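Please treat every number below as a calculation from the coordinates, not as lab data. Since this is a predicted model, take the numbers as computed values, not measurements. When we count neighbours, we look across all protein chains shown, and the Cβ atoms used for this are built from the backbone with ideal geometry, even at glycine.
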Amino acid sequence: MKKAFFDELLSIKNSTYKLVLLFLVPVFLFFLMIVIFSKGVLEEMPVAVVDLDHSQLSREVTFAIESTKTLHVKYKLSSAKEAKALLSEGKIYAMVVIPHDLYKQTLLKMQPRVTAMINTQYLLIGKMILSTLSSAVMSVSAKIEVAQHLVEEQNTKTVLQKVAPISLQINSFFNTYQNYFYFLVLALVPSIWQIIVTVATVVAFGEMVKTGKDKEYFKENTIGKIIGKMLPYTFVYSLTLIFFLCYMFGVRNWEFQGEWSVVVGAVVFTTIAYQIVGLFLLSINFDYARALSLSAVYTAPAFAFLGITFPAYSMNDFALFWRDMLPISYFMEILISQANYGSDIMLTLPWIGSIILFFLLLIPVWLLYRKRVSR
Amino acid sequence: MSFLKVFMQEVRTLFSDFAIILTIIGGVLLYAFFYPQPYSKENVTSLQIGVIDNDRTTLSRDIILKLDATPSVDVKRVYMSQKDAKEAIQNKEITALVLLPKDMKKDIALKKQVVIPVGADGSYFLIYGGVLEAAMKTILTEAAGIKIANLLVKGVPLEGVKKQYTPFSLQTINLFNPQNSYTQYILPAVFILILHQTLLIGLGIFGGGVRERAYKEYDYDVPLGYTLLSRYFIFGGIFFIHLLFYLGFAFDFFEVRHLAGMEDIIAFGLVFLFATISFGVFLGSLFPVREMATPVVLFSSLPVVFSAGFVWPLEALPQTLVMISKLIPAVPAMDGFLKLNQMGASLDMISSEASILFFEGIVYLLLAVVVLKKKKKINRLFS
């Protein structure tokens, strides 16, 4: 085991490809994801206003939209057709049509209607824009209403109550960051990481398969050498993910309520689980290129199955089954339960157990390698 | 050597390489059904929520009933204490919570301001959004009902009240994805990415493999133009069929709305294939071994998705990154296809995306020719 460990260290030292895979690729990709979401909130998203009224009120509505942080009235147009073309071209995310006679009809209490069209093809962006847009437009409406009531009663407090007798207070349990960045980066980085771990394992063992050197190398002490060869990667990739988590929870100061030792343990187990899965995919038929294709099928779509952007409770049985087949799903459960809830360690035990179950794949790997070297 | 002979040799090499076939035919077909799985449940399960009812009046019971009647929400338990509720969230028994405060009904009658806290497990973004929407709607209907009751006391006729309660209203229309469907949102872009990535992997393995074999089998005298042209025809042909399958059959199968006409799809599709094949040939010319293509392409997938602008807007990205990401054909291609096929743009509205792709097709081809010629020279020296 020791010999294989040092042999692999030497091989890494002499291989630019392996060095890049171990050190450059993860750091570069983690950095890239952090840069992509560095802004965290939407600001100055372009929208168009089609003002057919040209009144004091329509200007007030336009101003209310413009003065939000999220939206920016990039175009003031005179026809809805023009605005719709801009929507199709992706130049704006929403358009607001202020009807002719808005002011007049409001005064006459005819309750006119302002129309907003939102591009929901970009679903999440659309949802965020919709909520800002409605509250901006409706704030103008509410202001008028308060004014109307004030004329009747001279008491602001009861007027406010009349306008909105029940108000909602929106709380988030556990996760105080109302920031898209948090949700995505925390799940995206481990999703990319598991691809790298699996691929690097296939590369380390696959290069030997390609040259056929492994038949001689693994003849004696097969399982010990396999484990020894895996270990350098286990160290480096566990540390990479732990560094990332330290950066997020330490440097960027995201709230972490749980037990660090649980997370560190989960990282190490997940690394080993993915290494063994990669090794298993290779030893199915000992074809380097094919094993890489299989790793692609297995690891690439993992992010979609995690249930971070799309809730797991809405998935069908197959998707849930596939989710259970990915060690990263259990890892995310552990990470979230520790970071956000500070859950009891006992609660995470079933997840840790599930990750360790993947270690059993080492048995077929060992048997298949035995079969290969004895030929 | 004639073109036909070169072409046939390329076809033979390709179809005898199981790893490539696994990717460009097996993988493409598999992904079409595999990838949409998380989003394609037919009956949407409702969200399990809890309610802490500290008011315990007819009003609070009415609110709970109305919440439970919302199709997307299932009031699982009416919890007594806050501690119970917190435990239930940690055990994943419920994912959201509504707290109806003590004396709510009384305070409303007394015209005091009432606040109803609504909470959700913030770790899960969409669950959060969903519950807010549902709870907001129900409780706002409550609020509107109470407003009308308040005014009625003053003796205004009911007809007038209904019109009076907001000076003007806002009608919102969801364009292009009216049902807020997740499949409609994710699949059109990801399908293009899958085609792009599998095409690159196929060409990358092929390119790397050809050069590994070059010392033995490949004829140096084969004109480079012939081999390249063969590759455009072979990979172009296979992926043209894939493209029609993805944007036709697979879209219909997963009920993704698509608007563009066949001839527009084909026109933009051909530019997309031209750019991607050139890029793949160029990447393939750089890889020293056939096994390098899969990792490189694989690692790029998630960063490409999230810098393409449909999940996280381009306006929020660093502008240098936006420029760099456009160098990957998938980025302008996803953009163009979404606008053309989902957002109802005409072909000339996406002319900038098409020109970027066309330009990339030419530049990557030229770069590939330069690299391949250089390598050929080196090979010749060693022979």
Suppose the chain between A:Arg375 and A:Ser79 were pulled fully straight at 0.36 nm per residue; how much longer would it get relative to their current alpha carbon spacing? 98.8 nm
Evaluated at 25 °C with a viscosity of 0.890 mPa s, what Stokes-Einstein diffusion coefficient in µm²/s does segment A:1-67 have when Rh comes from the Kirkwood expression over alpha-carbon pairs? 141
Between A:Lys210 and B:Val222, what FRET efficiency comes out of the Förster formula 1/(1 + (r/R0)^6) with R0 = 35 Å and r the beta carbon distance, rounded to 0.05? 0.85
If you plug each phi of segment B:173-187 into the Karplus form 6.51 cos²θ - 1.76 cosθ + 1.60 with θ = phi - 60°, what whole-Hz ³J(HN,Hα) values come out, in order, with x for Gly and Pro? 10, 7, 8, 6, 9, x, 8, 6, 7, 6, 5, 4, 6, 8, 4
Against the longest principal axis of chain A, how steep is helix A:123-152, in degrees 0 to 90 to the nearest 10, with axes from Cα atoms? 30
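Could you list, in their original order, any pairs among A:Lys210/B:Lys326; A:Lys2/A:Lys215; A:Lys104/B:Lys106 whose Cα atoms are separated by more than 30 Å?
Values: A:Lys210/B:Lys326 36 Å; A:Lys2/A:Lys215 19 Å; A:Lys104/B:Lys106 39 Å.
Too far apart for the 30 Å limit: A:Lys210/B:Lys326; A:Lys104/B:Lys106.
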Segment B:273-383: radius of gyration over Cα atoms, expressed as a fraction of 2.2 N^0.38 Å: 1.26
Which of A:Leu186, A:Leu87, A:Leu108 moves the most in a Gaussian network model of chain A with Cα springs under 10 Å? A:Leu108
On a 0 to 90 degree scale, rounded to 10, what angle separates helix A:56-66 from the longest Cα axis of chain A? 20
Report the FRET efficiency, 1/(1 + (r/R0)^6), for A:Thr115 and A:Lys69, where r is their Cβ-Cβ distance and R0 is 22 Å, rounded to 0.05. 0.40
So what's segment A:186-261 giving for Rg/Rh, alpha carbon basis, Kirkwood Rh from the mean inverse pair distance? 1.15
Cα centroid separation - segment A:1-33 against segment B:313-339, whole Å: 31
Taking 24 Å as the cut-off for C-alpha to C-alpha distance, list the pairs among A:Lys84/A:Lys127; A:Lys81/A:Lys143; A:Lys13/A:Lys225 that go past it. A:Lys81/A:Lys143
Could you work out how far helix A:327-336 tilts from the main Cα principal axis of chain A, as a 0 to 90 degree angle to the nearest 10? 50
Please give, to one decimal in nm, the separation of the simple spin-label points placed at A:Thr16 and B:Ala109, each 7 Å out from Cα toward the Cβ. 8.2
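Would you mind computing Rg(Cα) / (2.2 N^0.38 Å) for segment A:36-125, counting N as its residues? Could you put the intermediate results ahead of the total?
Working: Rg = 14.1 Å, N = 90, 2.2 N^0.38 = 12.2 Å.
Its radius of gyration relative to the 2.2 N^0.38 Å reference: 1.16.
Given the DSSP H assignment, sum -39500 (n - 2.57) over each helix run of at least 4 residues in chain A and divide by its residue total; what's the result at 222 nm in deg cm²/dmol, nearest 500?
On the way: 18 runs with 238 residues, N = 375.
It lands at -20000 deg cm²/dmol.
How would you classify the protein assembly as shown from its alpha-carbon gyration tensor, with a ≥ b ≥ c the square roots of the eigenvalues: rounded for a/c under 1.5, else prolate if a/b is greater than b/c, otherwise oblate?
Working: a/c = 2.83, a/b = 1.59, b/c = 1.78.
Oblate shape, in that a/c is at least 1.5 and b/c is the bigger or equal ratio.
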If each of B:Ser346 and B:Phe33 carries a label point 7 Å out from its Cα toward its Cβ, how far apart are those two points in nm? 4.0
Alpha carbon centre of segment B:45-115 versus segment B:221-238: separation in Å? 66
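Are there chymotrypsin sites (Phe, Trp or Tyr not before Pro) in segment A:276-320 that DSSP marks as loop and that have at most 15 other Cβ atoms within 10 Å, and which are they?
Sites meeting the loop and neighbour criteria: none at all.
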Please list log₁₀ I(q)/I(0) at q = 0.07, 0.15 Å⁻¹ for chain A, using the Debye equation with identical point scatterers on the alpha-carbon positions. -0.49, -1.25
